[in-house]
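Engineer: Pasting a structure below so you can have a look.
The values are calculated or read from the model by the stated rules, or taken from the named source; none is laboratory data. This one's a predicted model, so the numbers in the text were calculated from it and none came from an experiment. Quick reminder, even Gly has a Cβ in these numbers, built from the backbone with ideal geometry, and neighbours come from all protein chains shown. Calculation scope for accessible area: heavy atoms of the full protein, side chains included, ligands and nucleic acids excluded. Shrake-Rupley method; radii C 1.70, N 1.55, O 1.52, S 1.80 Å.
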Amino acid sequence: MVAAQEARAAAVGAAILRRGGNAVDAAVATSFALAVTLPQAGNLGGGGFLVLWLPRSGPISTCPAAARSAPLPQALAVGRGEAVALNFRETAPLAAGRDLFLNPDGSVNRERALRSLLSTGVPGTVAGLTQVQVRYGCLPLQVVMQPAIDLAEQGFPVGAELSDSLEAAAALLKSDPTSARQFFKADGSVYRPGEPLRQPQLAASLRCIARQGVACFYHGSLARQITALMRQRGGLISSADLQAYRAPWAQPLQARFQGYRVLTMPPPSGGGVTLLQLLKVLEPFNLASTGLNSAATIHLMVEAFNLAYRDRNRLLGDPDQIAMPLDRLLSDAYATQQRQRIQPDRHRPAAELEAEPSLVSGGLNTTHVSVVDRDGGLVATTTTLNTAYGNGITVPGAGFLLNNEMDDFTAKPGAPNAYGLRQGEQNAIAPGRRPLSSMTPTLVFQADGTPLLATGSPGGSRIITTVLQVLLNRLVHGLNLASAVATPRIHSQLWPDQISMEQGISPDTVGLLEARGHRLQWVAAMGSANSVEVRYGPGGMVGSLGVSDPRRLDAAAVAESP
Ligand code: DON
């Protein structure tokens, strides 16, 4: 079962499962296909994170690569398998410094931070996807990549979401001549739903990666195309940056929550730390009794969100360059202290929280894929260009867009980024550093380590609260996976000091929240939490469920068996 934000890419993953691939093969095949069919977020020029769990034995373990050698030192033993995380987040170029996005008067140049070549971090997606496939996949890389090559070469009928999104991004994409040619018709008009989009240069890039592997992107022809563009148009990424790029394995963060075991992404994503802090703070509140989306439940969640985002923005960053008090942040004692700071009947304004010292020292377009295979193997992977279509600049001759992930750094302490996050010194731009992320690919297991579900979402700073609500809806409020994903969501992140709410929260709830001092803002759909779940019968695994988020028009969950 594969759940993804675009139906053709989900079908590619399901077909790979049918051919004997495991969850990793399917996730990689779907991710490369999303680089073709969901160009606003799927990518070769961006980065991401992945968390996987594979059993040590099962029908798919007969494939050659699954007879793996010794576990990686970062792998965690969970149930009858092992879990590991992969960090393929972009890095700041070696020539980037902390004031990269400041104007001479000290203000932040938002245009440069989001729409110039300076906004591009050294891409990690190709390193990440090829590395996880070679280590954990069953099928040859060429087989796994062929469907993406075909989609780019032969074209595919544009879906409704892509057509709308291209129209919305026309000004950005048309400001770059290469993007204009790649994503619009010869007369400059937008592709309507059903019309074919062919991307021959992207097909050639994918073919080079399929044949030469990671070297094509970081040392070979694609590296030369990227650095030529950087030289011509004032970007910072050099061949030394590309050659130095590594995608490190990492040990997943984990916590127990109401008898379940939750595994998620460690820094440089702030997503996992913040998610686990929130689960620990909220666990004793018995939200099942206050009820789904009641004023009392939303109030407790929002007060916890604001405290956790304060820690995220002050304390988290790239673990290779920054010391972080993770043990303390994830301790039971700290969760208890934070819980005591929540007042049941009164919202604590952001300014009041901001004035307190820390107790410890120290768009809409990203996309998430969840896969479960027939052994119960799980993959959750979130990848991104940052905002839709990244900086809008396509690498000439190579057919892929570049990210604007450098905007996830702190351009200036306290100045909001594209997601309104006001971050601190610990996330300043520095050579080789990775910007703090909110992406939260997450796996959940039963207490005995039996795999249960995989989830994650796009949504910038809202990713963390989206994933949290999918987990609470499913595990605490007893909703099935489809309802857990579809139910209206709320969000708060300290600043702006308000609750963002999707339609579907009742007027009396709104009134009760206002009485506690909350300011409310209705917003359009938040997130796209494509999720999968293993189904069990008395004798063990009997199948799987997949849910694509109904908030996105082109999304789908596609089963391995037709
Ligand atoms: O890594 C992050 O937190 C952001 N660059 C993610 C961007 C995102 O989710 C945009 N999509 N809606």
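Engineer: Here is a check on your reading of the model: is VAL214 open to solvent by 60 Å² or more (accessible area, probe 1.4 Å) and farther than 20 Å from ALA95 by Cβ?
Structural biologist: Working: open to solvent by 60 Å² or more (accessible area, probe 1.4 Å): yes; farther than 20 Å from ALA95 by Cβ: yes.
Yes; evaluated as a whole, the condition is true for this residue.
Engineer: Further question on the same structure: Could you grab me the full set of residues in region 147-167 that are loosely packed, with under 14 Cβ neighbours inside 10 Å and not acidic (Asp, Glu)? Walk me through how you get there before you give the answer.
Structural biologist: At the first step, the residues of region 147-167 found to be loosely packed, with under 14 Cβ neighbours inside 10 Å are 154, 160, 167.
Result: GLN154, ALA160.
Engineer: If you don't mind, another one. Determine if region 472-491 includes at least one residue that is out of contact with any Ser or Thr (no Cβ under 6 Å at 6 or more places or on another chain), under 25 Å from VAL126 (Cα atoms) and surrounded by 18 or more Cβ atoms within 10 Å (Cβ to Cβ).
Structural biologist: No, there is no match, as no residue in region 472-491 is out of contact with any Ser or Thr (no Cβ under 6 Å at 6 or more places or on another chain), under 25 Å from VAL126 (Cα atoms) and surrounded by 18 or more Cβ atoms within 10 Å (Cβ to Cβ).
Engineer: When you go through (1) buried (at least 22 other Cβ atoms within 10 Å of the Cβ); (2) assigned to a loop (DSSP other than H, G, I, E, B) one by one for LEU236, which number turns out not to apply?
Structural biologist: With (1) buried (at least 22 other Cβ atoms within 10 Å of the Cβ); (2) assigned to a loop (DSSP other than H, G, I, E, B) applied to LEU236, the lone miss is (1).
Engineer: Next question. Within region 241-294, track down each residue that is in a loop (DSSP other than H, G, I, E, B) and more than 16 Å from the ligand (Cβ to nearest atom).
Structural biologist: Start the filter on region 241-294 by keeping residues that are in a loop (DSSP other than H, G, I, E, B), which leaves 245-248, 251-252, 258-259, 265-268, 270, 286, 291-294.
TYR245, ARG246, PRO248, GLN251, PRO252, GLN258, GLY259, ASN286, GLY291, LEU292, ASN293, SER294, listed by residue number.
Engineer: If you go through region 196-210 one residue at a time, how many are small (Gly, Ala, Ser) and within 23 Å of ALA160 (Cα to Cα)? Working first, answer last.
Structural biologist: So the first thing to find is which residues in region 196-210 are small (Gly, Ala, Ser), and the list is 203-205, 210.
Filter once more, so that each one left must be within 23 Å of ALA160 (Cα to Cα): 203.
So the answer is 1.
Engineer: Within region 278-289, can one find any residue that is at pLDDT 95 or above, surrounded by 18 or more Cβ atoms within 10 Å (Cβ to Cβ), within 26 Å of ALA95 (Cβ to Cβ) and of a type in the set (A, V, I, L, M, F, W, C)?
Structural biologist: Within region 278-289 (the criterion being at pLDDT 95 or above, surrounded by 18 or more Cβ atoms within 10 Å (Cβ to Cβ), within 26 Å of ALA95 (Cβ to Cβ) and of a type in the set (A, V, I, L, M, F, W, C)), the answer is no, since none of the residues qualifies.
Engineer: Can you say whether SER506 is of a type in the set (Ser, Thr, Tyr) and within 30 Å of THR37 (Cβ to Cβ), as far as the supplied structure shows?
Structural biologist: Details: of a type in the set (Ser, Thr, Tyr): yes; within 30 Å of THR37 (Cβ to Cβ): no.
When the stated conditions are applied, SER506 does not pass them.
Engineer: Take VAL134 and decide whether it is surrounded by fewer than 24 Cβ atoms within 10 Å (Cβ to Cβ), more than 29 Å from ALA204 (Cβ to Cβ) and of a type in the set (A, V, I, L, M, F, W, C). Working first, answer last.
Structural biologist: On the way: surrounded by fewer than 24 Cβ atoms within 10 Å (Cβ to Cβ): yes; more than 29 Å from ALA204 (Cβ to Cβ): no; of a type in the set (A, V, I, L, M, F, W, C): yes.
Against the criterion (surrounded by fewer than 24 Cβ atoms within 10 Å (Cβ to Cβ), more than 29 Å from ALA204 (Cβ to Cβ) and of a type in the set (A, V, I, L, M, F, W, C)), VAL134 does not qualify.
Engineer: While we're looking at this one, here's another question. Being within 21 Å of TYR389 (Cα to Cα), assigned to a helix (DSSP H, G or I) and open to solvent by less than 10 Å² (accessible area, probe 1.4 Å) narrows it down to one residue among ALA9, ALA41, ALA14; which is it?
Structural biologist: Numbers: ALA41 fails: assigned to a helix (DSSP H, G or I); ALA14 fails: within 21 Å of TYR389 (Cα to Cα).
So the residue among ALA9, ALA41, ALA14 that is within 21 Å of TYR389 (Cα to Cα), assigned to a helix (DSSP H, G or I) and open to solvent by less than 10 Å² (accessible area, probe 1.4 Å) is ALA9.
Engineer: Let me ask something else. Is it true that ILE298 is under 25 Å from the mean Cα position of the chain (by Cα) and either among the charged types (D, E, K, R) or at pLDDT below 95 (or both)? Let's see the steps before the verdict.
Structural biologist: Numbers: under 25 Å from the mean Cα position of the chain (by Cα): yes; either among the charged types (D, E, K, R) or at pLDDT below 95 (or both): no.
So ILE298 does not fit the description; no.
Engineer: Follow-up question, since we're still on this one. Look at region 387-433 and say how many of its residues are among the small types (Gly, Ala, Ser) and closer than 19 Å to PRO268 by Cα.
Structural biologist: Going through region 387-433, the residues among the small types (Gly, Ala, Ser) turn out to be 388, 390, 392, 397-399, 411, 414-415, 418, 420, 424, 428, 430, 432.
Next, only the ones that are closer than 19 Å to PRO268 by Cα stay: 411, 418, 420, 424, 428, 430, 432.
Summing the residues that are among the small types (Gly, Ala, Ser) and closer than 19 Å to PRO268 by Cα in region 387-433 gives 7.
Engineer: Moving on. Return the only residue of VAL84, VAL108, VAL24, VAL36 being within 23 Å of ASN403 (Cβ to Cβ), open to solvent by less than 10 Å² (accessible area, probe 1.4 Å) and among the β-branched types (Val, Ile, Thr).
Structural biologist: Numbers: VAL84 fails: within 23 Å of ASN403 (Cβ to Cβ); VAL108 fails: open to solvent by less than 10 Å² (accessible area, probe 1.4 Å); VAL24 fails: within 23 Å of ASN403 (Cβ to Cβ).
Matching residue, one of VAL84, VAL108, VAL24, VAL36: VAL36.
Engineer: Right, next: Which condition number does THR264 fail, the rest of (1) closer than 22 Å to GLN469 by Cα; (2) touching a His at 6+ places or on another chain (Cβ under 8 Å) being met?
Structural biologist: Among (1) closer than 22 Å to GLN469 by Cα; (2) touching a His at 6+ places or on another chain (Cβ under 8 Å), THR264 violates only (2).
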